[in-house]
Amino acid sequence: MIISASTDYRAAAQRKLPPFLFHYLDGGAYAEHTLKRNVADLAEVALRQRVLRDMSELSLETRLFNETLAMPVALAPVGLAGMYARRGEVQAARAAAAKGIPFTLSTVSVCPIEEVAPAIDRPMWFQLYVLKDRGFMKNALERAKAAGVTTLVFTVDMPVPGARYRDAHSGMSGPNAPLRRFLQAMTHPSWAWDVGLHGRPHDLGNISAYRGNRTGLADYIGWLGANFDPSISWQDLEWIREFWDGPMVIKGILDPQDARDAVSFGADGIVVSNHGGRQLDGVLSSARALPAIADAVKGELAILADSGIRTGLDVVRMLALGADSVLLGRAYIYALATAGGAGVSNLLELIEKEMRVAMVLTGAKSIGEISADSLARELNHTAP
Ligand SMILES: Cc1cc2nc3c(=O)[nH]c(=O)nc-3n(C[C@H](O)[C@H](O)[C@H](O)COP(=O)(O)O)c2cc1C
């Protein structure tokens, strides 16, 4: 039974998934120090308990990029989500829309834009990587526009792929990877039935649509590795700004100066993120990086944050540290892997309940009332 959003879905996902997929999801770069710090630093954030303030009326609603969100949470772009449940992106997007929050489709999703956008009754967000093949980027932007995508999330912390050693050990890559993946699938029959057999085609839908041929899982790492572009700079983003007239969010900011550059560039938002500890191990956790970034740019653009958020309490902590809204990454994929769209819906209910408890006990009646003032100054090294 799922009681705690933070640990139960992770354990259930580990039981259900072939190890190569679980470790691809769960793992991070190098020795995974940043991955662990993301969770540990957030858990260390002490909130200020307040009592006897008539907290019978709470509002979790918030406005972001001209949209109303039922709570300040969106689903992060996660590549290959369709390998975690049958047509996983569609299932997760439906759960998010039913809850009244945005879903962000990854560039490297299994289901293409054209399969996900029409399946939901609210505008989708789309994430784009900076890739060498600018023809692909332009094509993806045109297709996103045509499908009614509102908000573009531009991920900038992957000019090179981070080294994730777990993948080589687990069979995601490394010697005999295809054979190992096949054997693992055979010993995880409920996944093999749901996704292996009925979740096809297993390819990168957005890339296949552009290249006109199927890009299987085996090609995935090769194609991505060859296409990341280390030459990227702010000037390269200008044509996208001109091409995309909707809100544009820069994802992967961890430094106040980069946040200021995002303001100068004219971004509508940033995501304070270290990619869930999957890129450069040893960089600051998002919880640690966020207060200085909020000091530098709060109010000038929307500040979103991710990396390490597992519970509704974590959401409130990120807001208290300076975020306007958050993205959920692994938290929702663990739930998707466990129970498909129903799992994601249940997770979002748990997140909301946990947020309500935290808001009542910190005396915040609305999202706008969660601030640095909600932090217990005595304990927080991060508090002002
Ligand atoms: C398996 C996996 C795949 C991811 N794929 C993408 C992606 O395609 N594009 C992207 O911008 N971020 C991607 N991310 C990063 C997430 O958007 C998000 O920043 C990260 O998961 C936040 O950390 P958390 O999982 O600890 O919450 C991925 C993360 C994971 C775990």
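The values are calculated or read from the model by the stated rules, or taken from the named source; none is laboratory data. Remember, it's a predicted structure, so these values are computed and weren't measured experimentally. Reconstructed Cβ throughout: ideal geometry from the backbone, glycine too, with neighbour counts over all protein chains shown.
General remarks:
- Test: residue in segment 113-121 that is assigned to a loop (DSSP other than H, G, I, E, B), closer than 19 Å to GLY246 by Cβ and more than 16 Å from the ligand (Cβ to nearest atom): yes
- Among the residues of segment 284-312, those identified as among the aliphatic types (A, V, I, L, M), crowded, with 20+ Cβ neighbours inside 10 Å and within 14 Å of the ligand (Cβ to nearest atom) are ALA287, ALA289, LEU290, LEU304, ALA305, ILE309.
- Checklist (1) among the hydrophobic types (A, V, I, L, M, F, W, C); (2) buried (at least 18 other Cβ atoms within 10 Å of the Cβ); (3) under 30 Å from ALA302 (Cβ atoms) applied to LEU21, failing item: (3)
- Residues that are in contact with a strand residue (DSSP E or B) (Cβ under 9 Å, 6 or more places away or on another chain) and part of a helix (DSSP H, G or I), drawn from segment 234-260: LEU237, ILE240, ARG241, ASP258, ALA259
- Residue within segment 336-344 that is more than 14 Å from the ligand (Cβ to nearest atom), within 21 Å of ASP258 (Cα to Cα) and either within 22 Å of the chain's Cα centre (by Cα) or aromatic (Phe, Trp, Tyr) (or both) present: no
- Verdict on ALA93 being surrounded by fewer than 16 Cβ atoms within 10 Å (Cβ to Cβ) and within 15 Å of the ligand (Cβ to nearest atom): no
- Evaluation of ARG166 against the conditions (1) away from the ligand (no atom under 13 Å from the Cβ); (2) touching a helix residue (DSSP H, G or I) at 6+ places or on another chain (Cβ under 7 Å); (3) in contact (Cβ under 8 Å) with a residue 40 or more places away in the chain shows that the sole unmet condition is (1).
Residues are listed down the side, and each one gets a yes or a no for (1) at pLDDT 95 or above; (2) touching a strand residue (DSSP E or B) at 6+ places or on another chain (Cβ under 8 Å):
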residue	(1), (2)
SER106	yes, yes
GLN127	yes, yes
LYS132	no, yes
PRO178	no, no
